[in-house]
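Asker: Just passing along the structure, written as structure tokens.
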Amino acid sequence: AGQPQRVGRFEIIARLGAGAFGTVYRAHDPQLGRDVALKVPHPGTLDDPGRRERFCRESRAAAGLRHPHIVPLFEASAE
């Protein structure tokens with residue numbers, strides 16, 4: 001499958017990489033006028049309630065991190 005052009009409100013610029021959980025894209029948020037890193041889970045990854053809870057728990061933990069070499073987390077959704 002090809003690269004999506006949009007994910008929600010985000011405009012996909014380039015694929016940065018992929019792993020077991022999903023794919024990371026460089027994207028543009030036109031609502032806030034900034035480029036972001038957008039992690040998109042592989043299809044079906046969040047169908048399992050345990051995986052969904054783990055994703056939410058890890059998102060909350062990542063949102064609390066502040067380090068110059070870690071991208072800040074601005075938004076997370078398991079929907």
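The values are calculated or read from the model by the stated rules, or taken from the named source; none is laboratory data. From a predicted model like this one, the values you see are computed outputs, not experimental measurements. Here the Cβ is made from the backbone with ideal geometry for all residues, glycine too, and neighbour counts use every protein chain on show. Accessible surface areas use protein heavy atoms only, side chains included; no ligands, DNA or RNA. Shrake-Rupley method; radii C 1.70, N 1.55, O 1.52, S 1.80 Å.
Asker: Stretch LEU32-ALA20 to full length: gain in nm at 0.36 nm per residue minus the Cα-Cα span? Please report the intermediate quantities before stating the final value.
Answerer: Working: separation 12, 0.36 × 12 = 4.32 nm, distance 2.95 nm.
Value of the extension gain: 1.4 nm.
Asker: What are the chymotrypsin sites (Phe, Trp or Tyr not before Pro) within the chain that DSSP puts in a loop, where the Cβ has at most 12 other Cβ atoms within 10 Å? If you can, show how the numbers build up before the last one.
Answerer: On the way: sites: PHE10, PHE21, TYR25, PHE55, PHE74; in loops: PHE21, PHE74.
Here the chymotrypsin sites (Phe, Trp or Tyr not before Pro) that fit, given the DSSP loop and packing criteria, are PHE74.
Asker: Then there is this: Could you work out [θ]222 nm for the chain from helices alone, using -39500 (n - 2.57) per DSSP H run of at least four and dividing by all its residues? Round to the nearest 500 deg cm²/dmol. Please list the in-between numbers first.
Answerer: Numbers: 1 runs with 15 residues, N = 79.
Result for the chain, helices only: -6000 deg cm²/dmol.
Asker: Determine the per residue accessible area of the chain with all protein chains present and a 1.4 angstrom probe, expressed in square angstrom. It would help to have the intermediate numbers written out before the result.
Answerer: Working: 5950 Å² over 79 residues.
Ligands and nucleic acids excluded, the figure is 75 Å² per residue.
Asker: Convert each backbone phi in segment 10-18 into a coupling constant with the Karplus relation 6.51 cos²θ - 1.76 cosθ + 1.60 (shift: θ = phi - 60°), then list the ³J(HN,Hα) values in order as whole Hz, x for Gly and Pro.
Answerer: 7, 9, 6, 9, 7, 7, 9, x, 8
Asker: Here are some values of Rg/Rh (Cα atoms, Kirkwood Rh): (1) 1.02; (2) 1.10; (3) 0.95. Which one was computed from this structure?
Answerer: Given (1) 1.02; (2) 1.10; (3) 0.95, the structure-derived one carries the label (3).
Asker: What percentage of the solvent-accessible surface of segment 23-74, computed with a 1.4 Å probe over protein heavy atoms, is contributed by carbon and sulfur atoms? Show your work: numbers first, answer last.
Answerer: On the way: 2150 of 3890 Å².
Carbon-and-sulfur percentage of accessible area, whole number: 55.
Asker: Just add up the charged neighbours of GLU58: K/R +1, D/E -1, any other residue whose Cβ is under 15 Å from the Cβ of GLU58. Don't skip to the answer; put the middle values down first.
Answerer: Numbers: positive: LYS39, ARG51, ARG52, ARG54, ARG57, ARG60; negative: ASP48, GLU53, GLU75.
Net charge in that neighbourhood comes out at +3.
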